[in-house]
Amino acid sequence: METQPITIQKSPKPGVKERNLADLPFGQLPTDHMFVAAYQAEAWENAGIVPFKELSLSPFALCLHYGQTVFEGMKAYRMADGYISIFRPEKYHQRLNKSLQRICMPQVSWELFMEGLTQLVIVDQEWVPSGVGSSLYIRPFVIATEARLGVKTSDEYLFIIVACPVNSFYSHNLKVKVETTYIRAAEGGTGYAKCGGNYAASFYPTHLAKEEGFDQVLWTDGREKEYIEESGMMNIMFVWENRLVTPPLSSSILDGVTRDSILTLAKDLGLQTEERKISVHELEERLQNGSLTEAFGVGTAAVVAPIEQIAIREKRYTVPVKEDSFMLTAKRLLSDIWLGLIEDKHTWNYVISIK
Ligand SMILES: *Cc1c(COP(=O)(O)O)cnc(C)c1O
C-alpha cells in the first residue's frame, strides 16, 4: 500500500507549558495532539496529526455494539542525552496486526504506524517527561466505525494514536488470588489479541477479588483451571531454584513485549529461563517449601509489579520482595536501556533524531 505524506494541523493553544509533568495520575492527561487515519473503500486515507479532540461517531457505529476494537500500549522515553526513543516499535506493530487479524479488522502497514507514531511524538515532544520511571505512554488503537446495527464486520475504521505523560504505575506490591471460578481467555479464543472485549470480561472477577482485599487475580487456563496463565492484564513470572519461569505463549496468553524483554535480559545475565506450564499444585508446593523466591507481573504500563502475597483457595502465602531480587534488577536494567545509560545491545530503542 502506498502511504501519502500525512498532514499536520497544530493545536492553536498547546497546554504543555502549564503542566507539571512530574506529578500525574496514570492516563488522565492527553497531550496536545493525536494521529488519525480513516479506513474506507479498502484503504487507509486522510492520515494526519490534529489537535486532541473528541470523536464524532454514529450511535450505530459497530464498535459500540459488537466489540470490534483493538489497541496497543507502548512508551517513548526522554534519554539522558535529551533525545527521545520509542521502545521496540516493531514488536508492538506486529502484535497490533495479529490482534487486528483475529478481530477481522484491516492491517496497518509499518509505514503508516511509524509515520503516525513519530510525527505525534515530534509535535508533542515537550510532553515527553524525563527521569527514571517517567515516559510518554502511547496508545494506538483501531475501532469499527461503520454505522450499522446489523451484525457484520465493519467496512470502515479509524486508526488513532493518542498519548499521555506518565510516572510509575504501581506504588505498592501486589496481593493476588489464584482465580479458579472465572477465566480470562480460553484456548482458541481471543486471549492472545489485545482487544477491548478481553478487558471487559476481566472486570467482574477482578472486582470480586478487590472486594476480598486483593489487587488482581492470577488467571488459570480455561480448560482445567489448573495452569497459571497471567496476572491481571500482565504476564506472570516466577523465580525458583535460580531459574526464571513463565508460562509458554499460547492462544490464551498475550505475547507481552515486556515478557520478551525480561526473558532476554535474564539470558544476558546468565539466569536460566523456562517457558513451561506451571500448575497451581506446583505453585502451592513451592510457596509451602520456600523454593519460590520471586513472583511478579510484567507489562508496559507497570514494567515490573512485585507480588507479595498469593492466595490459593483459603490459604494466603507471603512472597519476599527483596531489593537485590532479579525482578528489580531487570527493572533497573530496562530503565537504564530506556535512558541510554547502558548499551542497547539488542537495538530495542528507536531513537528519534530530535532533542
Ligand atoms: C498488554 C498486556 C500484557 C503486557 O504486554 P506488554 O507488551 O508487555 O505491555 C499482558 N497481558 C495482557 C492480557 C495484556 O493485555
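Brief remarks on what is shown
- Qualifying residue in the stretch 163-176 (condition: in contact (Cβ under 8 Å) with a residue 24 or more places away in the chain, away from the ligand (no atom under 16 Å from the Cβ), in contact with an Asp or Glu (Cβ under 7 Å, 6 or more places away or on another chain) and not in a loop (DSSP other than H, G, I, E, B)): yes
- Every residue from the stretch 211-238 that is more than 17 Å from PRO306 (Cα to Cα) and more than 16 Å from the ligand (Cβ to nearest atom): GLU211, GLU212, ARG223, GLU224, LYS225, GLU226
- Entirely in the stretch 249-355, the helices (runs of 4 or more DSSP H) that have 2 or more residues that are more than 23 Å from ASN198 (Cα to Cα) and of a type in the set (Ser, Thr, Tyr): 257-268, 326-338
- Test: residue in the stretch 84-105 that is within 16 Å of the ligand (Cβ to nearest atom), in a strand (DSSP E or B) and either surrounded by 17 or more Cβ atoms within 10 Å (Cβ to Cβ) or of a type in the set (Gly, Ala, Ser) (or both): yes
- The number of residues in the stretch 336-355 that are surrounded by fewer than 12 Cβ atoms within 10 Å (Cβ to Cβ), among the charged types (D, E, K, R) and either modelled with pLDDT of 95 or more or under 23 Å from the mean Cα position of the chain (by Cα) (or both) comes to 2.
- Lone unmet requirement of (1) in contact with a Leu (Cβ under 6 Å, 6 or more places away or on another chain); (2) surrounded by 17 or more Cβ atoms within 10 Å (Cβ to Cβ) for LEU117: (1)
Listed here are the residues, each with its yes/no results for (1) among the aliphatic types (A, V, I, L, M); (2) under 21 Å from the mean Cα position of the chain (by Cα); (3) surrounded by fewer than 18 Cβ atoms within 10 Å (Cβ to Cβ).
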residue	(1), (2), (3)
THR300	no, yes, no
ILE312	yes, no, yes
SER325	no, no, yes
THR329	no, yes, yes
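- Looking at GLU241, GLU274, just one residue is more than 9 Å from the ligand (Cβ to nearest atom), modelled with pLDDT of 95 or more, on the phi < 0 side of the Ramachandran plot and not hydrophobic (A, V, I, L, M, F, W, C), and that residue is GLU274.
- Checking ILE183 against (1) part of a helix (DSSP H, G or I); (2) within 16 Å of the ligand (Cβ to nearest atom); (3) not acidic (Asp, Glu), the condition it does not meet: (1)
- Identity of the residue in the stretch 50-83, among the hydroxyl-bearing types (Ser, Thr, Tyr) and in a strand (DSSP E or B), that ends up farthest from GLY340 (Cα to Cα): THR69
- For PHE203, the conditions (1) crowded, with 20+ Cβ neighbours inside 10 Å; (2) more than 12 Å from the ligand (Cβ to nearest atom); (3) among the hydrophobic types (A, V, I, L, M, F, W, C) all hold with the exception of (1).
- Note on the stretch 191-218: residues that are closer than 28 Å to ASN97 by Cα, part of a loop (DSSP other than H, G, I, E, B) and of a type outside the set (Ser, Thr, Tyr) amount to 3.
- For LEU112, the stated conditions do not hold, so it cannot be described as out of contact with any helix residue (DSSP H, G or I) (no Cβ under 9 Å at 6 or more places or on another chain) and farther than 21 Å from ILE8 by Cβ.
The values are calculated or read from the model by the stated rules, or taken from the named source; none is laboratory data. Predicted model, so just to flag it, every value in this text is computed and none were measured. Neighbour counts are summed over all protein chains in view; Cβ atoms, including those assigned to glycine, are modelled from backbone coordinates with ideal geometry.
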